Amino acid sequence: MTSVVVIADDLTGAADSAAAFARQGLKTLVLWEARSLPSADVLVFTTESRHQPKADALRRVRDVIPRVAALSGIGDNIWIYKKIDSTLRGHPGPELVAVMDGLGMKRALVAPAFPAQGRVTRGGRVYVHGAALADSPFGREVKTSSIAECFAQESSGKRIFSLPLAVVQAGPQAIADALIGDAGGIIVADAESEQNLEYLAEGAMLSGTRLLCGSAGLAGALMRMLARRPHAEPPLDQLATRQWQGRRALVIAASRHPQTVQQVVAAEAAGIPVIRPGLAWFQESAFPPSDRTPRDVWPEEQKLANRCMQQLAPGPLIITSEGLPDLPGQSEAITSRLAQLTRKILQHASPTGLVLTGGDAAMAVGRALDAEALWLHGELQPGIPWGTWVGGIADGMPIVTKAGGFGDDSTFVKVIGA
């Protein structure tokens, strides 16, 4: 029986928020194309709406609601988790309201903090490694550090309350009392430690608040609370006993985040081969308009694929878009080209697994490989999950997903060596 439903706005977020459940032996499935709902303890829907216009994003969320509402136990025994970005990118407020309205849930507890990745909340403001969100590298996309301000802009008149750090630190019962006191609306909570998040999850349970909204941090706290209740934890599933073997992995580092760039540089310094396709390869103008030869057999495509396969034969390989100039409006084309190259490589090579950075790139690769879902097995590091593809030409192949800003400089080295 399903005990947790996660609704995320991109694939990496879906995976990193749900991996903690898989690590505890809960059967955890991330879905995007699957038409039926397999038996799973944790069902994770990714709407791929983060970078969509607001109207399209809300339509995608609303399309998922009937499938969630059809599950028995909604509003009673099933926890609903609306996964949002820890740096508030995308449409966190409107999407949460769409879930509340669609499922008839009057109250939601919001806590985007993810202390393990340096994201905390104080005074209702998000800080990233000590810097206010608006002053961090994410400030280019999110102009405010205030969670309430971000949600209030487009939350359809829902009342927004604050749960200050002093109340959170007072413990679960104090949190429950505060939640019960707010008959309905969106409650934004401060949190700067894992204990704070665990108190919030416990307080939500005591108050009967079944809709939580946050990043992988609060999701992990919910998992730990459920794991302490024997009736909520099923026997260890055989899927969770598999091991990641990354020593001959193919890494697609599509994120342009500075942290991913540093991870590529560190891996190259450690002796891991890195291929940086040139700008011309990414641009349509690199190919004659009159050439109607299918893309998968174009000489330029085949030449680069052969080079990648040669490098991959004896060990790991990183393919990255790092080093490209800024190409406004071209991110989708870049990820699409990398996804098609990945498919070409996997048609002739068998790496031990894939490592994908950036939610858009991870989904583009999944679709290029005709995959329809992802079984999750656990985490290699906090916020860096791994699992296996379901369906397509890479069915059963292990995959690691990573948000661009997650991990330290040595993350690729550690993941490949795991």
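Here is how the numbers come out for the structure above:
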| item | result |
| --- | --- |
| In region 64-109, the residues that are among the β-branched types (V, I, T) and farther than 30 Å from F406 by Cα | I74 |
| Selection count, region 183-199, where residues are in a helix (DSSP H, G or I) and within 19 Å of K158 (Cβ to Cβ) | 0 |
| Members of region 352-377 found to be farther than 25 Å from L88 by Cα, part of a loop (DSSP other than H, G, I, E, B) and touching a residue at least 40 places away in the same chain (Cβ under 8 Å), listed by number | T352, A371, E372 |
| Any chance A349 is in contact (Cβ under 8 Å) with a residue 24 or more places away in the chain, more than 16 Å from R256 (Cα to Cα) and in contact with a helix residue (DSSP H, G or I) (Cβ under 8 Å, 6 or more places away or on another chain) | yes |
| Total residues in region 402-418, condition in a loop (DSSP other than H, G, I, E, B) and among the hydroxyl-bearing types (S, T, Y) | 1 |
| Some residue of region 161-173 being crowded, with 17+ Cβ neighbours inside 10 Å, under 21 Å from the mean Cα position of the chain (by Cα) and not in a strand (DSSP E or B) | no |
| Evaluation of P288 against (1) of a type outside the set (F, W, Y); (2) modelled with pLDDT of 85 or more; (3) outside any helix (DSSP H, G or I) (one fails), failing number | (2) |
| Cβ-Cβ under 6 Å pairs, at least 6 apart or on other chains, region 378-404 side buried (at least 19 other Cβ atoms within 10 Å of the Cβ), far side modelled with pLDDT under 95 and basic (K, R) | G378/R23; E379/R23; I384/K402 |
| Subset of region 45-90 (residues that are aliphatic (A, V, I, L, M) and either in contact with a helix residue (DSSP H, G or I) (Cβ under 9 Å, 6 or more places away or on another chain) or under 20 Å from T12 (Cα atoms) (or both)) | A57, L58, V61, V64, I65, V68, A69, I74, I78, I80, I84, L88 |
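Residue-by-condition table, conditions (1) aliphatic (A, V, I, L, M); (2) surrounded by fewer than 24 Cβ atoms within 10 Å (Cβ to Cβ); (3) in contact with a Cys (Cβ under 6 Å, 6 or more places away or on another chain):
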site: L11; (1), (2), (3): yes, no, no
site: E33; (1), (2), (3): no, yes, no
site: S36; (1), (2), (3): no, yes, no
site: R59; (1), (2), (3): no, yes, no
site: I65; (1), (2), (3): yes, yes, no
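The values are calculated or read from the model by the stated rules, or taken from the named source; none is laboratory data. Model, not experiment: these values are computed from the prediction. Here the Cβ is made from the backbone with ideal geometry for all residues, glycine too, and neighbour counts use every protein chain on show.
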